[in-house]
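Data block below; observations after.
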Amino acid sequence: MLHHPDKAYIDPLHIHVEEELDDEPWFHDIREYIKSGVYLVQATGDQKRTIQSFASGFFFSGGVLYKRTPDLGLLRCIDARQATTIMTEVHSGVCGPHLSGYVLAKKILRAGYYWLTMERDCISFVHNCHQC
């Protein structure tokens with residue numbers, strides 16, 4: 001619980017890319033909203049506003065969701081399985097230099113991939129690397 005100045009208590013929100021409990025990627029709601037303009041049936045007003053504001057930073061083309069960058073580039077949104085594969089290849093693949101967590105996240109961004117918890121997941125991945 002977090003203490004808010006207005007004497008309200010706020011439950012923290014924990015997001016982690018490895019926890020796709022409903023077998024849907026983290027960007028499922030955003031993708032569906034962009035494709036059809038329809039929210040989830042059980043979505044509350046706050047959730048609808050959040051999805052709508054998130055959706056403005058994304059672009060859907062050819063069945064693939066992309067995140068827009070400030071320099072008008074596009075980063076492909078990937079799910080947890082793909083994220084693990086990409087982290088493994090970039091960190092310790094054929095020519096993997098065993099980068100630190102922050103550098104690994106930046107290199108994956110430069111390669112054109114994105115997920116919400118990239119930096120935290122990359123740091124955790126590097127900490128669990130036996131060769132590092």
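Values in this text are rule-based calculations from the coordinates and carry no lab data. Values in this document were obtained by computation on a predicted structure and should not be read as measured data. Positions of Cβ are generated from backbone atoms using ideal geometry, with glycine treated the same way; all protein chains shown enter the neighbour counts.
For R49 paired with S124, estimate the spin-label separation in nm (one decimal), with each label point 7 Å from Cα along the Cα-to-Cβ line.
The answer from the label model is 2.9 nm.
Determine, for each peptide in 51-63, 82-94, the mean count of other beta carbons within 10 angstrom over its residues, then list the peptides with the highest first.
Numbers: 51-63: 12.9, 82-94: 16.6.
Ranking, from highest mean packing down: 82-94, 51-63.
What nm distance separates the two modelled labels at R68 and H28, each placed 7 Å from Cα along Cα→Cβ?
Distance between the two pseudo-spin positions: 2.6 nm.
Taking a point 7 angstrom from the Cα of Q131 along the C-beta vector, which residues in region 70-93 have backbone N less than 12 Å away?
So the set is 88-93.
For region 45-103, what D do you get in µm² per second when you plug the Kirkwood radius from alpha-carbon pairs into Stokes-Einstein at 37 °C and 0.692 mPa s? Let's see the in-between values first.
Details: Rh = 13.8 Å.
Value of D from the Cα-based Kirkwood radius: 237 µm²/s.
Can you figure out the FRET efficiency of R81 with K35, using R₀ = 30 Å and their beta-carbon distance, to the nearest 0.05?
Working: r = 22 Å, r/R0 = 0.72.
After rounding, the FRET efficiency stands at 0.90.
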